Number of protein chains: 2
Amino acid sequence: MVHILSGYQTRFGEIWNSSLKNLIQESGFGAIKNSGIDKKDIDNVFIGNMAGGKYTGQEHLGALTTTSLGLSVPSVHCEAACASGAVAFQQAYYKIKSGESRVALVVGAEKMTDVIGDEAVSILMGAGDSETESFIGLPFSGLYALMAKIHMNKFGTTSEQLANVSVINHKHGTNNKLAQFNTEITIRNVLESTMIADPLHLLDCSPLTDGAAAVILTSDDIAKEYDNPIKVKACACFTDTLALYKRESLFKLKSAIKAGENVFKDSGLKTRDIDVLEVHDCFSINEILCLEALGFCKEGRGGRFVEDDEISLDGSIPTNTTGGLKSCGHPVGATGVRQILDVVNQIQGKSINQVKAKNGLCLNIGGSGATAVAHIFGVE
Amino acid sequence: MVHILSGYQTRFGEIWNSSLKNLIQESGFGAIKNSGIDKKDIDNVFIGNMAGGKYTGQEHLGALTTTSLGLSVPSVHCEAACASGAVAFQQAYYKIKSGESRVALVVGAEKMTDVIGDEAVSILMGAGDSETESFIGLPFSGLYALMAKIHMNKFGTTSEQLANVSVINHKHGTNNKLAQFNTEITIRNVLESTMIADPLHLLDCSPLTDGAAAVILTSDDIAKEYDNPIKVKACACFTDTLALYKRESLFKLKSAIKAGENVFKDSGLKTRDIDVLEVHDCFSINEILCLEALGFCKEGRGGRFVEDDEISLDGSIPTNTTGGLKSCGHPVGATGVRQILDVVNQIQGKSINQVKAKNGLCLNIGGSGATAVAHIFGVE
């Protein structure tokens, strides 16, 4: 079994006075301190980052991370677009499970605001299929807008239901000191915000963000020496076609459906056993697609599920309880690790907007669903 | 135990009619065919690539690789500069060792010639420390030139000895149909070629290259159904400071020394047990530093060791028997996998320039030594 001791998140936002390296350092040292681990016991380092080379001119991020923390242990940079953080976490998990590591540090980090907005979006398009999407100028807002349009036409999902996703995420983020935005918004605010790609308004979209998050993973023998370690009960990763147009269904997240089925099967748990959920709301429609993919509601019913307040703190499945990508911000390489840390904090009983949680699930999506990474965490 | 069945290498060179995706496809399908594995048995895919985002506009390379091969299994892109291929291989190794994979495909690929030469070098500088190296315009030729100067001043290593490294690598590559260069060169050719960064001439430097290589790894139960699987006897990865100036010694590859010590310890083998060697000759001086770091000769004696023909096919340790980075070319993300495949081919008795080999060692270096990844492979 592999366990998470604790972690650390930097403030998410436009952090102009911190470089990528500074963010990595702050989160790495913070996770070491919060977990109580001795730095010299860390025997492996993993970093999730999507595009440090393009955003900051720095590749070779494994070595950057170890050198920043004064370590000389094995390290590797893992990338899977917006799922980079979760795939880095998984490599650490497998290395501990293989017996070749006892204490691993996983950092997720991205520094996106050192380039101008247009360039930042153009860099993100590297997560799509270069031949059929990025090079023709189709960004992710456009891809998710296509998915949203189809969902609306097929199931009657409304713009108000989409807006509701953002409203709830912003509500959950109001008291999150580490979030990029702390303002409550209304459905009217969303619907009156600039149209980015019909039907997605500005406030249906997560922002460009700087930030980092880190967690410490350990093997059984180390975990038992610490208070309140959280078990990694199951993990899965699946891929779908990189290009959206090649899929049988443009709105089904096949990779997420498979990843969800796998983590439920491997953990022996059902959706009703999950007390807290983190899903990938890069655009409001994606939170709806994730809820459907994981089976928390039926296909096509995600809009209504959100409208019925099922994902609020007192709903049937409290989701994105710290604000999600929309309110926390979305430093792409950091998000997967931030999601994991927030679920761990909930299970350890030290979260903001605390809910009663024994088991939690995280779903981190790369691109328009070409990569999906799911984890279930718990205490028993 | 983890095993390698077989693999495939594309031609290395300026492959103008193949995209990064084409190279990945050719190597992936080639490895599947050569190993005799059924494609549907592949349960994990790993890809090593340094800078696809900058060279080709394509990130999210794990999903690109699975989608290119018609797979939907877990996949992750691993990066560690010029050691990206070997770190990708290691993640596959640990996942199989953890019991979570039985058949993994590892691809290393880089497409470097779609940008102009200056830009290609500038992209490579992302492997150095952005704050103290890349942003001041210090490229890797300059960093390795510093290391060479110190080695020459301290140990009396000569330009002729450096040149000898390239001469031998080119000699080994003359009959390698997959190599970028098949021409024999002389010491005089090297010394009369353009000075790039004193003391390194043009012919001390490996070229910019497009190419891909892939191997199939399996668990014990699968390997026994195939002829001649090669065991992964040991693997190690260590890191040093990203910035060269921060190191205690500017010529000692501390990361490689530690990685070497570890693979020898874990395999129970000594240098005398190694029959074939692949080391990282991105610049001629680096082959000398690698030979010293691994203990094949004493510190400071690498130049003489090469001069004495110890690394030739009939020397005490046949090294880079297919041409090394200098003659094969150096598609950075592919090199680590190409090295592994070439050692495997030697041990399986199907290499060009065949030597008698039961055990082989590969050392893949990232940056100026910030990452070192070593593996020992063998049959018994």
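The values are calculated or read from the model by the stated rules, or taken from the named source; none is laboratory data. Since we're looking at a predicted model, the values are computed, not measured. Counting neighbours? That spans all protein chains shown, and the Cβs are built from the backbone with ideal geometry, glycine included.
Would you point out the residue of segment A:356-371, among those that are out of contact with any helix residue (DSSP H, G or I) (no Cβ under 6 Å at 6 or more places or on another chain) and within 28 Å of A:Asn182 (Cβ to Cβ), that is farthest from the other protein chains (Cβ to nearest Cβ)? Can you show your working first?
From segment A:356-371, those out of contact with any helix residue (DSSP H, G or I) (no Cβ under 6 Å at 6 or more places or on another chain) are A:356, A:358, A:361, A:365-366; that's our starting set.
Next, only the ones that are within 28 Å of A:Asn182 (Cβ to Cβ) stay: A:356, A:361, A:365-366.
Values: A:Lys356: 31, A:Leu361: 17, A:Ile365: 11, A:Gly366: 6 Å.
Step by step, filter segment A:356-371, then rank; the result is A:Lys356.
When segment B:84-121 is examined, which residues are found to be β-branched (Val, Ile, Thr), more than 10 Å from chain A (Cβ to nearest Cβ) and under 17 Å from the mean Cα position of the chain (by Cα)?
Once the filter is applied, which keeps residues that are β-branched (Val, Ile, Thr), more than 10 Å from chain A (Cβ to nearest Cβ) and under 17 Å from the mean Cα position of the chain (by Cα), segment B:84-121 yields B:Val106, B:Val107.
What is the residue count in segment B:122-151 for residues that are surrounded by fewer than 17 Cβ atoms within 10 Å (Cβ to Cβ) and either away from every other protein chain (no Cβ under 13 Å) or touching a Gly at 6+ places or on another chain (Cβ under 8 Å) (or both)?
Qualifying residue count, segment B:122-151: 2.
Residue under question is B:Thr209, and the condition is that it be more than 20 Å from B:His330 (Cβ to Cβ) and among the hydroxyl-bearing types (Ser, Thr, Tyr); does it hold?
When the stated conditions are applied, B:Thr209 does not pass them.
Starting from segment A:135-159, keep only residues that are of a type in the set (Lys, Arg), then list their pairs with residues that are surrounded by fewer than 24 Cβ atoms within 10 Å (Cβ to Cβ) whose Cβ atoms are within a distance under 7 Å, requiring at least 6 positions of separation or different chains.
Once the first residue is of a type in the set (Lys, Arg) and sits in segment A:135-159, its partners that are surrounded by fewer than 24 Cβ atoms within 10 Å (Cβ to Cβ) give A:Lys149/A:Pro199; A:Lys154/A:Gly300.
B:Pro229 is checked against (1) within 25 Å of B:Ile285 (Cβ to Cβ); (2) away from every other protein chain (no Cβ under 14 Å) and fails just one. What number does that condition carry?
Every listed condition holds for B:Pro229 apart from (1).
Being over 15 Å from the mean Cα position of the chain (by Cα) and within 21 Å of B:Glu160 (Cα to Cα) is the requirement here; does B:Ser316 meet it?
Spelling it out, B:Ser316 is indeed over 15 Å from the mean Cα position of the chain (by Cα) and within 21 Å of B:Glu160 (Cα to Cα).
Out of the residues in segment A:346-377 that are of a type in the set (S, T, N, Q) and under 15 Å from the mean Cα position of the chain (by Cα), which is nearest to A:Gly295 (Cα to Cα)?
Checking each candidate, the answer is A:Asn364.
Condition (residue is of a type in the set (A, V, I, L, M, F, W, C), at positive phi, out of contact with any Pro (no Cβ under 8 Å at 6 or more places or on another chain) and modelled with pLDDT of 95 or more) applied to segment A:107-119: is it met by at least one residue? Give the derivation first.
Of all residues in segment A:107-119, those of a type in the set (A, V, I, L, M, F, W, C) come to A:107, A:109, A:112, A:115-116.
Remaining after also requiring at positive phi: none.
Scanning segment A:107-119, I find no residue that is of a type in the set (A, V, I, L, M, F, W, C), at positive phi, out of contact with any Pro (no Cβ under 8 Å at 6 or more places or on another chain) and modelled with pLDDT of 95 or more, so the answer is no.
For residues that are part of a helix (DSSP H, G or I) and of a type in the set (Gly, Ala, Ser), scanning just segment A:304-336, find the one that is surrounded by the fewest Cβ atoms within 10 Å (Cβ to Cβ). Break it down into steps so the answer makes sense when it comes.
Within segment A:304-336, the subset part of a helix (DSSP H, G or I) is A:304-307, A:324-328, A:332-336.
When the remaining residues are screened for being of a type in the set (Gly, Ala, Ser), the result is A:324, A:327, A:333-334, A:336.
Details: A:Gly324: 31, A:Ser327: 28, A:Gly333: 34, A:Ala334: 36, A:Gly336: 33.
Ranking the candidates gives A:Ser327 first.
Anything in segment A:38-78 that is touching a Leu at 6+ places or on another chain (Cβ under 7 Å), within 7 Å of chain B (Cβ to nearest Cβ) and closer than 22 Å to B:Asn364 by Cβ? List them, or say none.
Of everything in segment A:38-78, those that are touching a Leu at 6+ places or on another chain (Cβ under 7 Å), within 7 Å of chain B (Cβ to nearest Cβ) and closer than 22 Å to B:Asn364 by Cβ turn out to be A:Gln58, A:His60, A:Ala63, A:Leu64, A:Thr67, A:His77.
Can you list the helices (runs of 4 or more DSSP H) found entirely within segment A:198-303 that contain at least 1 residues being of a type in the set (Val, Ile, Thr) and buried (at least 19 other Cβ atoms within 10 Å of the Cβ)?
Of the helices (runs of 4 or more DSSP H) lying wholly inside segment A:198-303, those with at least 1 residues that are of a type in the set (Val, Ile, Thr) and buried (at least 19 other Cβ atoms within 10 Å of the Cβ) span A:254-267, A:284-293.
So if I check each of B:Asn22, B:Asn34, which one is surrounded by fewer than 24 Cβ atoms within 10 Å (Cβ to Cβ), free of Cβ contacts under 8 Å to residues at least 24 places away in the same chain, outside the structural domain of B:Ser351 (by TED's automatic domain parsing) and not in a strand (DSSP E or B)?
Testing whether each residue is surrounded by fewer than 24 Cβ atoms within 10 Å (Cβ to Cβ), free of Cβ contacts under 8 Å to residues at least 24 places away in the same chain, outside the structural domain of B:Ser351 (by TED's automatic domain parsing) and not in a strand (DSSP E or B) leaves just B:Asn22.
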